[in-house]
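Written below as structure tokens is the structure these notes are about.
Taken together, the values in this text are just the output of simple stated rules run on the coordinates, not laboratory data. Keep in mind that what you see is a predicted model, and the values were worked out from it rather than measured. No Cβ is skipped: glycine too gets one built from the backbone with ideal geometry, and neighbour counts run over all protein chains shown.
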Amino acid sequence: MSSSRSFSSKRTKFKVREKSHMERTMDKSRIWTPLDFSKDGKWVDWLRLPYSSDILAYGWIPIPLVCIKNGEGPTALLLAGSHGDEYEGQIALLNLARRLDVADVRGRVVIIPALNSPAVLRGTRVSPLDHGNLNRCFPGSAHGTPTEMIAQYVSSVLFPMSDIVLDLHSGGRSLDYVCSALIHQNDDADEFRQMIELLRVFGAPISFVTNGEGGGGNTTLAASAEKAGVRIITAELGGGSTLCHSGLKVAEEGVCRVLKHFGITPRLNTKDPKATRFMKDPGKDYFVYALNDGIFEPLAEVGQEVRADQIAGRIHMLDGPTKKPIEIYFPKSGKVVCRRHPALTSCGDCLFNLMIDVEGWS
Ligand SMILES: [Zn+2]
């Protein structure tokens with residue numbers, strides 16, 4: 001819905017029509033690239049994010065971009081660095097960008113290994129320019145903050161040209177994650193079956209279905225892709241703002257298998273996927289949050305199976321050396337898929353997330 005407001009100068013009354021959120025995202029993106037996505041060949045350039053500052057009046061911020069196209073065929077959009085402090089996906093895509101040649105491809109592969117490049121360069125989850133969390137501001141805005149402009153470019157330019165999107169994440173500075181791939185619940189039974197099959201092809205040790213309740217809801221890149229009718233797999237590949245080698249391997253092998261599955265890289269040598277364990281994220285009841293400030297002492301490992309009422313950890317108080325630590329218990333039984341990485345914690349921090357098995361899919 002549009003709304004309007006008015007203001008007056010000395011002589012004239014101006015009426016200003018305010019655009020709806022949908023209209024703003026449909027605006028022509030201000031990000032641009034001289035790279036021609038429709039041209040056959042292997043092309044390396046940048047997305048150019050307009051940015052004006054004290055020392056950069058008419059400048060742009062580079063976002064590295066690789067496009068490999070060979071004739072007609074499906075398009076895969078491969079993304080990492082939505083959060084700057086998650087490294088497995090970034091390295092996997094840099095390795096793939098060097099490895100893939102035009103002759104390997106039937107169709108098109110678009111690789112963006114550092115999607116929120118200001119955050120990647122700073123090694124932070126959110127952008128240092130606007131504190132924007134790229135995976136919480138979709139579908140974005142063409143005239144918004146730098147982070148919103150990136151989201152808008154992805155949703156309005158890249159999604160419409162894509163048949164499959166892989167968005168590679170990990171836990172970043174604040175979380176350690178099991179190596180996993182995830183999709184959202186889908187009401188269309190056929191599409192959902194195809195997505196389950198894709199999770200098998202990707203072959204992460206754990207695959208899960210989420211309703212997004214504990215994370216970004218409708219503001220994520222994945223939610224926006226699904227709204228646009230584009231198939232997407234998100235991966236969580238480690239955490240702690242360091243490199244998990246097993247996560248890197250899962251990313252590299254999984255991406256190549258999905259490309260081959262779509263017929264985009266028919267000649268690529270790939271290993272068969274290992275069996276994945278299908279789980280689901282039942283929602284907020286399966287999260288454990290800190291209710292106090294202090295030092296978090298975890299008492300369960302990532303990947304561990306835990307029982308309801310089992311002790312999860314303690315929070316040691318900083319404001320009273322003789323105060324008894326607060327004990328925290330798991331509210332449900334399940335598998336620990338992520339755990340807070342830093343010890344220092346505050347009320348509201350996510351300490352654990354549990355998942356449970358899904359019957360009948362393996
Ligand atoms: Zn992330």
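Would you mind ranking HIS245, HIS316 by Cβ crowding within 10 Å, fewest neighbours first? Don't skip to the answer; put the middle values down first.
Values: HIS245 10, HIS316 17.
Ranked by crowding around the Cβ, least crowded first: HIS245, HIS316.
So what J values fall out for the stretch 50-67 if you push phi through Karplus, 6.51 cos²θ - 1.76 cosθ + 1.60 with θ = phi - 60°, rounded to Hz, Gly and Pro as x?
Along the stretch 50-67, the couplings run x, 8, 10, 9, 3, 10, 8, 4, 10, x, 9, 9, x, 10, x, 9, 10, 10 Hz.
For ALA312, which sequence-distant residues (separation of 5 or more, or a different chain) have an amide H within less than 5 Å of its own amide H, given hydrogens modelled in the peptide plane?
The answer is ILE328, TYR329, PHE330.
For the chain, what does -39500 (n - 2.57) per DSSP helix run (n ≥ 4), summed and divided by total residues, give at 222 nm, in deg cm²/dmol to the nearest 500?
Working: 7 runs with 70 residues, N = 362.
Using -39500 (n - 2.57) per qualifying helix, the result is -5500 deg cm²/dmol.
Hey, quick one: spin label on ARG99, modelled 7 Å out along Cα-Cβ, who in the stretch 109-125 has an amide N within reach, i.e. under 15 Å?
111
For a test of the definition: using alpha carbon positions, the gyration tensor, and the 1.5 limit on a/c, classify the stretch 201-328 as rounded, prolate or oblate. Walk me through the intermediate numbers first.
Details: a/c = 2.71, a/b = 2.05, b/c = 1.32.
Since a/c reaches 1.5 and a/b is larger than b/c, the shape of the stretch 201-328 is classed as prolate.
Using 0.36 nm per residue of separation minus the Cα-Cα distance, give me the extension gain between THR242 and LEU318 in nm, one decimal. Present the calculation step by step, with values, prior to reporting the outcome.
Numbers: separation 76, 0.36 × 76 = 27.36 nm, distance 2.76 nm.
Extra length available between THR242 and LEU318 comes to 24.6 nm.
With a cut-off of at most 15 other beta carbons within 10 Å, and DSSP calling the residue loop, which trypsin sites (Lys or Arg not before Pro) in the stretch 229-314 qualify? Please list them.
Values: sites: ARG231, LYS249, ARG257, LYS260, ARG267, LYS271, LYS274, ARG277, LYS280, LYS284, ARG307, ARG314; in loops: ARG267, LYS271, LYS274, ARG307.
Within the stretch 229-314, the qualifying trypsin sites (Lys or Arg not before Pro) (loop, at most 15 other Cβ atoms within 10 Å) are ARG267, LYS271, LYS274, ARG307.
Quick check on the chain: of the DSSP beta bridges with both residues there, what percent are antiparallel, nearest 5%? Write out the running numbers ahead of the final one.
Values: 52 of 78 bridges.
Rounded to the nearest five, the antiparallel share is 65 percent.
With springs only between Cα atoms under 10 Å apart, run a GNM on the chain and tell me which of ALA142, ALA228, ALA204 wobbles the most.
Looking only at ALA142, ALA228, ALA204, the biggest GNM fluctuation is shown by ALA228.
What aspartates and glutamates could a cross-link reach from LYS284, if we take a straight Cα to Cα line under 17 Å and drop same-chain neighbours fewer than 8 places away?
Result set, ordered by chain and number: GLU213, ASP309, ASP349, ASP357.
Each label point is 7 Å from the Cα along the Cα-to-Cβ direction; what then is the distance between the points at LYS260 and LEU35, in nm?
Label-label distance for LYS260 and LEU35, simple model: 2.5 nm.
Across the stretch 330-341, in residue order, what do the Karplus-derived ³J(HN,Hα) couplings come to in whole Hz, using 6.51 cos²θ - 1.76 cosθ + 1.60 with θ = phi - 60° and x for Gly and Pro?
5, x, 9, 8, x, 10, 6, 9, 8, 9, 4, 8
Name the long-range amide H neighbours of MET279: under 5 Å, sequence gap of 5 or more, or other chain; modelled H, no Pro or chain starts.
SER207, PHE208, VAL209, VAL358
Report ³J(HN,Hα) in whole Hz for each residue of the stretch 172-181, in order, from the Karplus equation J = 6.51 cos²θ - 1.76 cosθ + 1.60 where θ = phi - 60°; Gly and Pro get x.
Calculated HN-Hα couplings, in order: x, 5, 9, 9, 10, 10, 5, 5, 8, 10 Hz.
Within the stretch 55-110, which GluC sites (Glu not before Pro) sit in a loop by DSSP and count at most 11 neighbouring Cβ atoms inside 10 Å? Working shown, then result.
On the way: sites: GLU72, GLU86, GLU88; in loops: GLU72, GLU86.
Here the sparse-neighbourhood loop sites are GLU72.
What do you get when you divide the Cα radius of gyration of the chain by 2.2 N^0.38 Å, with N the number of residues? Walk me through the numbers on the way to the answer.
Working: Rg = 22.0 Å, N = 362, 2.2 N^0.38 = 20.6 Å.
Against the compact-globule rule of thumb, the ratio is 1.07.
Loop only per DSSP, at most 14 neighbouring Cβ atoms within 10 Å: give me the GluC sites (Glu not before Pro) in the stretch 195-295, ordered by residue number. If you can, show how the numbers build up before the last one.
Details: sites: GLU197, GLU213, GLU226, GLU236, GLU252, GLU253; in loops: GLU213.
Here the GluC sites (Glu not before Pro) that fit, given the DSSP loop and packing criteria, are GLU213.
DSSP H helices in the chain with Cα extent of 18 Å or more along the helix axis and mean Kyte-Doolittle hydropathy at least 0.0? Each step should come with its number before you reach the end.
Working: long enough: 189-202 (20 Å, 0.19); 245-261 (24 Å, -0.16).
For the chain, where a helix must reach 18 Å along its axis and average at least 0.0, the hits are 189-202.
Can you give the FRET efficiency to the nearest 0.05 for GLU359 and ARG122, using r as the Cβ-Cβ distance and R₀ = 56 Å? Provide the component values of the computation, followed by the final result.
Details: r = 44 Å, r/R0 = 0.78.
Efficiency, from the Cβ-Cβ distance: 0.80.
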